[in-house]
Ligand SMILES: Cc1cc2nc3c(=O)[nH]c(=O)nc-3n(C[C@H](O)[C@H](O)[C@H](O)COP(=O)(O)OP(=O)(O)OC[C@H]3O[C@@H](n4cnc5c(N)ncnc54)[C@H](O)[C@@H]3O)c2cc1C
């Protein structure tokens with residue numbers, strides 16, 4: 001049986017693990033911390049704008065497991081907030097648990113507190129990876145899904161210092177890139193002003209610390225929009241990783257979403273000022289703990305790759321999620337993770353790898369971002385199905401589609417129905 005080793009248990013790594021396992025491989029998923037989902041532990045927004053199309057394309061392709069799971073663990077479905085339609089908000093507590101149960105059911109070996117710090121290579125082929133405890137994991141093919149956030153020195157150098165986010169670098173050690181360990185030169189994202197990295201775009205308030213009225217609105221509607229008095233407005237739009245939320249409504253209002261926490265759609269907001277706003281008098285942050293001051297910094301280390309997501313320069317390494325480019329979001333991580341997992345098995349079997357066709361939004365996005373990343377302007381942008389440049393491109397190409405039977409027909413006409421459900425071994 002072919003052995004696939006996936007490093008990094010965020011949304012991308014979990015998707016890669018499921019996909020490789022369904023393709024018939026023996027899968028080990030290595031995660032640095034004691035929890036799966038990475039930045040997804042404090043996320044929640046699914047199916048907004050073009051992400052709806054991407055999710056349905058993946059379901060038709062047989063790679064819909066995690067989208068269907070999020071539909072099941074949703075706290076709210078089909079809601080709206082400024083600039084975003086037909087949104088699902090998954091529950092940030094129930095979802096990681098449901099995923100770990102799914103991985104167990106599929107027989108995936110998940111190893112926690114396994115921070116990979118070393119690779120053993122024969123020329124351009126990885127033979128094994130080693131964690132900080134000296135444990136060695138051999139494999140035929142490896143997937144790098146270690147993300148691009150942190151570590152602490154990047155948050156200090158390019159952000160407002162370690163904001164104590166869910167990635168918990170002080171406890172588990174910072175992110176280590178497998179591609180970097182293979183001595184492949186990685187790409188670094190920039191902001192519009194040319195400075196390095198981007199700041200995560202939301203912080204989480206302990207919901208019960210808000211007024212009962214705001215809590216009720218969140219529980220009932222999923223969204224609460226509270227205008228910020230002019231003298232308290234803070235403008236963080238330009239530094240956001242999530243450019244789809246960089247519109248004036250997100251500067252002039254506190255936009256809260258109910259994911260279990262009250263997700264506040266701004267990178268940070270001074271706590272003293274926040275507590276001056278009616279309903280927020282006793283507010284306190286849950287993630288990052290220092291969201292009054294800053295947030296995590298991301299997009300530091302992306303792998304050069306082809307459109308099958310194979311890392312260029314290493315024979316048996318694929319990449320997924322933020323590692324595979326300037327693609328922001330859970331949906332984007334699941335799409336690339338699913339493709340990387342499937343292709344890791346194809347590669348191990350000596351079969352031709354799969355590229356998703358540009359007739360589908362999921363294939364077009366992977367190819368589009370790769371091309372954009374060859375330009376310096378492109379490196380200053382972020383891409384997502386849910387807004388900003390890529391959503392506009394998606395609409396121009398006629399790829400934004402909400403009719404599920406039509407999406408299924410398109411996938412069928414391309415001969416790809418259930419491709420990710422078919423065993424390769
Ligand atoms: C605060 C915040 C809120 C967000 N909210 C949303 C949202 O609501 N909706 C949305 O679509 N997107 C959201 N995003 C963006 C989205 O979370 C990410 O783009 C996406 O989930 C990235 O997934 P990933 O698996 O590529 O990386 P990550 O989530 O960063 O996961 C990488 C994983 O790899 C592990 N790792 C790193 N190095 C090693 C190593 N050497 N060995 C072993 N493990 C390692 C890390 O511990 C981590 O678990 C949010 C991001 C942040 C930061």
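Laboratory data are not the source of any read-out in this text; all were calculated from the coordinates shown. The shown structure was predicted, so the numbers you read here are calculated from the model rather than taken from an experiment. Here the Cβ is made from the backbone with ideal geometry for all residues, glycine too, and neighbour counts use every protein chain on show.
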Most fluctuating of 198, 283, 15 in the GNM of the chain (C-alpha, under 10 Å) is 283
Going by alpha carbons, how many degrees (0 to 90, nearest 10) lie between the helix axis of 404-413 and the longest principal axis of the chain?
20
Rounded if a/c is under 1.5, else prolate if a/b is larger than b/c, else oblate: which is the chain, with a ≥ b ≥ c the root eigenvalues of its Cα gyration tensor?
prolate
Using 0.36 nm per residue of separation minus the Cα-Cα distance, give me the extension gain between residue 94 and residue 185 in nm, one decimal.
29.0 nm
Restricting to Cα pairs under 8 Å and 6 or more apart, the percent relative contact order of the chain works out to 24
quick note, the chain, DSSP beta bridge pairs, % antiparallel (nearest 5) is 65
Sorting 118, 258 on the 10 Å Cβ count, fewest up front, what's the list?
118, 258
If only Cα atoms are counted, what is the Rg of region 30-69, and what is its Dmax, in Å?
12.4, 33
Comparing 138, 396, 315 in a Gaussian network model of the chain (Cα, 10 Å), the one with the largest mean-square fluctuation is 396
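Which whole-number percentage describes the relative contact order of region 1-108, with Cα contacts under 8 Å and a sequence gap of 6 or more?
Contact order relative to length: 29 percent.
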Could you check the spin-label model distance between residue 403 and residue 216? Points 7 Å from the Cα along Cα→Cβ, value in nm.
4.3
Across the alpha-carbon set of region 113-207, Rg over Rh with Rh taken as the Kirkwood radius works out to 1.03
By how many nm would the segment from residue 232 to residue 422 lengthen if fully extended, with 0.36 nm per residue of separation less the alpha-carbon distance?
62.9 nm
Average the reciprocal distances over every distinct pair of alpha-carbons in region 201-287, invert the result, and give the Kirkwood radius in Å.
12.8
Once you have the Kirkwood Rh of region 126-276 from its Cα pairs, apply Stokes-Einstein at 10 °C and 1.306 mPa s and quote D in µm²/s.
88
Inverse mean reciprocal Cα-Cα distance (Kirkwood Rh) of region 254-344, Å:
15.8
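Most exposed first by the Cβ proxy, i.e. fewest other Cβ within 10 Å, how do 76, 261 rank?
The fewest-first ordering by Cβ neighbours comes to 76, 261.
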Expressed in nm to one decimal, what extension gain is obtained for the pair residue 106 and residue 153 from 0.36 nm per residue of sequence separation less their Cα-Cα distance?
13.2 nm
Send over the Kirkwood Rh of region 92-167, from the inverse of the averaged 1/r over different Cα pairs, rounded to one decimal Å.
15.4
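Could you list 69, 399 so that the one with the fewest beta carbons within 10 Å of its beta carbon is first and the one with the most is last?
Working: 69 19, 399 24.
Fewest to most other Cβ atoms nearby, the residues stand as 69, 399.
Per DSSP helix of 4 or more residues, -39500 (n - 2.57); summed, then divided by the residues of the chain. What does that give at 222 nm, rounded to the nearest 500? Intermediate results must be reported in sequence, preceding the final value.
On the way: 15 runs with 130 residues, N = 425.
The helix contribution divided over the chain gives -8500 deg cm²/dmol.
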